[in-house]
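J.: Structure provided below as structure tokens; questions to follow.
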Amino acid sequence: QVQLVESGGGLVQAGGSLRLSCTASGIIFGPKARKWYRQIPGKERELVASITSGDTTYYADSVKGRFTISRGNARNMMYLQMNSLKPEDTAIYYCNVDQRQRGLNYWGQGTQVTVSS
């Protein structure tokens, strides 16, 4: 079974930056979308960013221009570069690999991002 592990979360001052990483236990074969979600207390889990195998990207309006999703040279790596962080970005961030055509989703355990006021 595939395992995803997030890292790079932590405490940061408003206006600062963090880079989140997601590592898969192995290569996930076939068509897929790589995604980052976040869970903010009192709100539904929301899609933050996604990237397809063809490098088409999507960003939520709330993070557009500040966050960048990418895949690493290693095919089992993905990243979320977060700049100009705001207190409202505080959340648990989850990486996800969506194999819609196979009806499969893979999730990490999440990493906490806290932006100080």
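J.: Over the chain, what relative contact order in percent results from Cα pairs under 8 Å that are six or more residues apart?
T.: Reported relative contact order: 37 percent.
J.: Take the Cβ-Cβ distance between T114 and N73 as r, set R0 to 30 Å, and report the resulting FRET efficiency rounded to the nearest 0.05.
T.: Calculated transfer efficiency: 0.50.
J.: Continuing with the same structure: Grab the other residues whose beta carbon is less than 13 angstrom from that of I27, score K and R as +1, D and E as -1, and report the net.
T.: +4
J.: Just the number please: accessible area per residue for the chain, 1.4 Å probe, all protein chains included, in Å².
T.: 56 Å²
J.: Which aspartates and glutamates have a Cα less than 20 Å from the Cα of K86, not counting those fewer than 8 places away in the same chain?
T.: E44, E46, D61
J.: Please list Y94, Y58 in order of solvent-accessible area, largest first, computed with a 1.4 Å probe with all protein chains present.
T.: Solvent-accessible surface, decreasing: Y58, Y94.
J.: Order these peptides, 2-8, 37-43, by their mean beta-carbon neighbour count within 10 angstrom, highest first.
T.: Result, highest mean first: 2-8, 37-43.
The values are calculated or read from the model by the stated rules, or taken from the named source; none is laboratory data. Bear in mind the structure is a predicted one, so any value in this text is a computation, not a measurement. Backbone-built Cβ (ideal geometry, glycine too); neighbour counts: all protein chains shown. Just the protein is used for accessible areas: all its heavy atoms, side chains included, with ligands, DNA and RNA removed. Shrake-Rupley method; radii C 1.70, N 1.55, O 1.52, S 1.80 Å.
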